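Structure first, then comments.
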């Protein structure tokens, strides 16, 4: 377990450094905004672009890998909505916002650094296959469900338009789309351009982790801790358990694919959980609590899943 913590702890120490710098006013709020704007608008889109442009799509786009991850994600989304409705008596739109926290894993800012620390940079190919449809799948499912659930929801055509606007205004989606275009079109790019992209890529993950820690100082635990615990349990325990069952027991995937599916499923809900709640002004307190609580709990939970993965036979 000590070795596993040595893999996980550095990731959270970088986040903790960002949190401490912002909490003690060493790093300004505007600085944190600038850092996150840089990572989410430029550095991480470059990372996703480079990964998708260079990815061997035939090798990693296995429907069984995607099914292992996304069946678990959709199941936890449904369970989160049901729990919010039946246990906590939330209204339909609020319940969807609560459930979204169990749907949207922090696949980039936490999933990629943990996989790289645990298994090396060459292990990330299957992660990128999952990430390539992560935002489209989650936002399409979340927005569609919200629009049909809330009392002031849009009609079907307006819902489709809302989903499309959310997709194509997202710089991460643009990076993924351009990566697919270069890959499928076999478009050659000059070496100086690739060198510039790789410089941006090298800054993406550590900068994003530091910025994520800094932004977490803005959120506070609300009175909705039981709901946040429910969502965290779905995200950190139920989702990776379902991914494990499908990847190992049903589809019998290779250990490399199992690791990517389970680790990506096991990371905490990301800030997108709060972004989605804020977009609809529903259950924002729960979403903020989920981001804080889930991120803290994932230090131990991810270590547990890495230990479980170490028992897989090669």
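The values are calculated or read from the model by the stated rules, or taken from the named source; none is laboratory data. If you're wondering where the values come from, they're calculated on a predicted model, not measured in any experiment. Backbone-built Cβ (ideal geometry, glycine too); neighbour counts: all protein chains shown.
Can you find, within the range 243-300, the residue that is surrounded by the fewest Cβ atoms within 10 Å (Cβ to Cβ) among those that are in a loop (DSSP other than H, G, I, E, B) and touching a strand residue (DSSP E or B) at 6+ places or on another chain (Cβ under 9 Å)? Ranking the candidates gives 270 first.
Residue by residue, here is whether (1) modelled with pLDDT of 85 or more; (2) under 13 Å from residue 139 (Cβ atoms); (3) out of contact with any helix residue (DSSP H, G or I) (no Cβ under 9 Å at 6 or more places or on another chain) holds:
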site: 157; (1), (2), (3): no, no, yes
site: 160; (1), (2), (3): no, yes, no
site: 168; (1), (2), (3): no, yes, no
site: 173; (1), (2), (3): no, yes, no
site: 177; (1), (2), (3): yes, no, no
site: 180; (1), (2), (3): yes, no, no
site: 186; (1), (2), (3): yes, no, yes
site: 197; (1), (2), (3): yes, no, no
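Considering 43, 84, 50, 59, the condition of being under 30 Å from residue 187 (Cβ atoms), crowded, with 18+ Cβ neighbours inside 10 Å and over 18 Å from the mean Cα position of the chain (by Cα) is satisfied by 50 alone. In the range 207-230, is there at least one residue being in contact with a strand residue (DSSP E or B) (Cβ under 8 Å, 6 or more places away or on another chain), closer than 19 Å to residue 290 by Cβ and in contact (Cβ under 8 Å) with a residue 40 or more places away in the chain? No - not one qualifying residue is present in the range 207-230. If you go through the range 199-223 and keep only what is surrounded by fewer than 22 Cβ atoms within 10 Å (Cβ to Cβ) and either at pLDDT 80 or above or part of a helix (DSSP H, G or I) (or both), you end up with 199, 200, 201, 202, 203, 205, 206, 207, 215, 216, 217, 218.
Here residue 96 fulfils each of the conditions (1) more than 18 Å from the chain's Cα centre (by Cα); (2) closer than 18 Å to residue 282 by Cα; (3) crowded, with 18+ Cβ neighbours inside 10 Å apart from (1).
Looking at the range 62-81, which of the residues that are surrounded by 23 or more Cβ atoms within 10 Å (Cβ to Cβ) and within 23 Å of residue 284 (Cβ to Cβ) is farthest from the chain's Cα centre (by Cα)? Filtering first and then ranking leaves 81.
No other residue among 312, 236 is under 22 Å from residue 208 (Cα atoms) and either part of a helix (DSSP H, G or I) or touching a residue at least 12 places away in the same chain (Cβ under 8 Å) (or both) apart from 236.
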